[in-house]
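What follows is a short report on a single structure.
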Amino acid sequence: MAIKHFLQFSDFTTEEHEWIFRRAAVIKRKFKAYEKYHPLADRTLAMIFEKASTRTRVSFEAGMYQLGGSVVHLTTGDSQLGRAEPIEDSAKVISRMVDLVMIRTFGQDKIERFAEHSRVPVINGLTNEFHPCQILADIFTYIEHRGSIQGRVVAWVGDGNNMANTWLQAAELLGFTVHVSTPSGYEVDQAVAGLRSADSYKVFQDPMEACRGADLVTTDVWTSMGFEAENEQRRQAFADWCVDTDMMKVARPDALFMHCLPAHRGEEVEAEVIDGPQSVVWDEAENRMHVQKALMEYLLLGRVTD
Ligand code: CP
Ligand code: NVA
């Protein structure tokens, strides 16, 4: 039987995503009630980080322990991955010893090559192209606060990056629209995002227009990990793509603000917005753990109903 991986949002069907959201709610309730739930006892997750992380590391590690399992944490610096052992060999070896692998790396091609040679499911913990676990958490957070995201409008203000691509994939699968506004030269690329059509997004030059009437306004850092050499050039290009109170005012009155974090107040978002009443960024961060527990349970055990 083919192994199920979660390398991009579109690896799951609409129905599978709906299952993960429902299951995340159940698992979150158990956690909040201090109910012991150890379906992954004796299972091990390997986490491979080629880029820095706070949320991804803590949420996967704490989540795996809460499910009764264990984790192995590897970085490029402290493993043979940093000394050019081929990805294929690493995948064959690591996947003989653990039950699940989470990888944060650079090109999507690297995680795909790893998955091709892995005996166990592989989860994308962020690549240059995608960040599917974050969008699972963001949509779960939206559902918790406002109900179904179907038919809603999400305004993306900023870089056409891994987060933007993943929002676009999610829109296509879950039936909402993304209003995208990026500076010129930093547009989303439909081919990189892997979309079937352009029906689920609209491009706006003016970020204010992208936010008009939106149910959710979201943004991300101007310079993603791996692009630090472009920092100065990006600072200049993105100066008008700062989510401020004027942008939030033209969105719907009940619009939410999200940011995957880490954030830079005064760059991509004003402090008044991210620390204001419409912001749900702390719920978003916490929900990484709950959705990823549901994801790990699903990849290893299928549809558990207790
Ligand atoms: N949002 C997110 O993935 O955060 P980290 O880089 O801290 O893991
Ligand atoms: N786009 C950002 C997200 C960080 C969680 C990056 O790739 O650095």
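Read the figures in this text as sums done on the coordinates, not as results from a lab. The shown structure was predicted, so the numbers you read here are calculated from the model rather than taken from an experiment. So basically every Cβ, Gly included, is an ideal-geometry build from the backbone, and we count neighbours across all protein chains shown.
Only four residue types carry charge here, +1 at the Cβ of Lys and Arg and -1 at the Cβ of Asp and Glu. Report the dipole size of the range 191-306 about the Cα centre in Debye, rounded to the nearest 20.
Its charge dipole is roughly 440 debye.
Which three semi-axes in whole Å describe the equivalent ellipsoid of the chain, each the square root of 5 times a Cα gyration tensor eigenvalue, listed largest first?
On the way: eigenvalues 193, 102, 60 Å².
Values for the chain, descending: 31, 23, 17 Å.
Please list, in chain and number order, the residues 5+ apart from residue 216 or on another chain whose amide H is under 5 Å from its amide H, with Hs placed from the backbone.
Answer set, sorted by chain and number: 153, 155, 256.
Apply the Karplus curve 6.51 cos²θ - 1.76 cosθ + 1.60, θ = phi - 60°, to the phi angles in the range 196-208 and return the couplings in whole Hz, x for Gly and Pro.
So the Karplus estimates, Gly and Pro as x, are 7, 8, 9, 5, 9, 9, 10, 9, 10, 6, 8, x, 4 Hz.
Just from the alpha-carbon atoms, what are the Rg and Dmax of the range 182-252 in angstroms?
My reading of the Cα-based Rg and Dmax gives 13.5, 37 Å.
Give me, ordered by chain and number, the residues 5 or more places off residue 53 or on other chains with an amide H under 5 Å from its own placed amide H.
So residue 53 has HN proximity to no qualifying residue.
For a test of understanding, tell me how many lysine pairs in the chain have Cα atoms under 19 Å apart, given they are 8 or more places apart or on different chains.
Within the chain, the lysine pair count is 10.
Normalised by the number of residues in the chain, what is the relative contact order in percent for Cα pairs under 8 Å and 6+ residues apart?
Numbers: 573 pairs, mean separation 59.1, N = 306.
Relative contact order comes out at 19 percent.
Could you give the spread of the C-alpha atoms of the range 23-159 along their three principal axes, from largest to smallest, in whole angstroms?
Taking the Cα atoms of the range 23-159, the three principal extents are 47, 41, 24 Å.
Give me, ordered by chain and number, the residues 5 or more places off residue 6 or on other chains with an amide H under 5 Å from its own placed amide H.
It is 122, 123, 124, by chain and number.
Going by C-beta contacts inside 10 Å, put 76, 219 in order with the fewest on the left.
Exposure proxy ranking, most exposed first: 76, 219.
State the answer as a single residue: which of 1, 123, 72 lies farthest towards the positive end of the charge dipole of the range 1-149, with beta carbon charges of +1 for Lys and Arg and -1 for Asp and Glu, about the Cα centre.
72
What angle do you read, to the nearest 10 degrees and between 0 and 90, between the alpha-carbon axis of helix 132-146 and the longest principal axis of the chain?
With rounding to tens, the tilt is 60 degrees.
Out of 111, 183, 271, whose Cα points farthest toward the positive end of the dipole of the chain (charges: +1 Lys, Arg; -1 Asp, Glu; placed on Cβ)?
Result: 111, furthest along the dipole toward the positive end.
If neighbour count is taken as other Cβ atoms inside 10 Å, put 12, 176, 140 in order from fewest to most. Could the numbers behind the result be given before it?
Working: 12 19, 176 22, 140 25.
Going from sparsest to densest Cβ surroundings: 12, 176, 140.
Under the definition of Cα pairs under 8 Å and six or more residues apart, what whole-number percent is the relative contact order of the range 36-117?
This gives 39 percent for the range 36-117.
Between helix 162-174 and the chain, what is the angle of the helix's C-alpha long axis to the longest principal axis, kept within 0 to 90° and rounded to the nearest 10?
For helix 162-174, the angle is close to 90 degrees.
Measure out, as a whole number of angstrom, how far apart the alpha-carbon centroids of the range 226-268 and the range 5-34 sit.
If we compute the Cα centre of each part, the gap is 28 Å.
So if I restrict to the alpha-carbon atoms in the range 1-93, what is the Rg, and what is Dmax, the biggest pairwise distance, in Å?
Cα only, the range 1-93: 15.8, 46 Å (Rg, Dmax).
With θ set to phi - 60°, apply the Karplus curve 6.51 cos²θ - 1.76 cosθ + 1.60 along the range 285-294 and write out the HN-Hα couplings as whole Hz, x wherever there is a Gly or Pro.
My calculation for the range 285-294 gives 5, 4, 5, 3, 5, 5, 5, 6, 5, 5 Hz in order.
Using the basic label-point model (7 angstrom from Cα toward the beta carbon), what is the residue 78 to residue 116 distance in nanometres?
The answer from the label model is 3.1 nm.
Per the Kirkwood definition applied to all pairs of different Cα atoms, how many angstroms is the hydrodynamic radius of the range 216-303?
14.7
Give me the dipole magnitude in Debye, nearest 20, for the chain about the Cα centre, with unit charges on the beta carbon: positive for Lys and Arg, negative for Asp and Glu.
1180
Roughly how tilted is helix 87-97, in degrees to the nearest 10 and between 0 and 90, from the longest Cα axis of the chain?
60
Compute from the Cα atoms of the range 176-219 the Rg and the Dmax, the latter being the longest Cα-Cα distance, and quote both in angstrom.
Values for the range 176-219 (Cα only, Rg and Dmax): 10.7, 28 Å.
Which whole-Hz couplings ³J(HN,Hα) result when phi for each residue of the range 109-117 is put into the Karplus expression 6.51 cos²θ - 1.76 cosθ + 1.60, θ = phi - 60°, listed in order with x for Gly and Pro?
Working through the residues one at a time gives 4, 5, 6, 5, 5, 4, 4, 4, 10 Hz.
Points 7 angstrom from Cα along the Cβ direction at residue 150 and residue 190: gap in nanometres?
2.5
With +1 assigned to the C-beta of every Lys and Arg and -1 to the C-beta of every Asp and Glu, and no other charges, what is the dipole magnitude of the range 1-152 about the Cα centre in debye, to the nearest 20?
Magnitude of the dipole: close to 600 debye.
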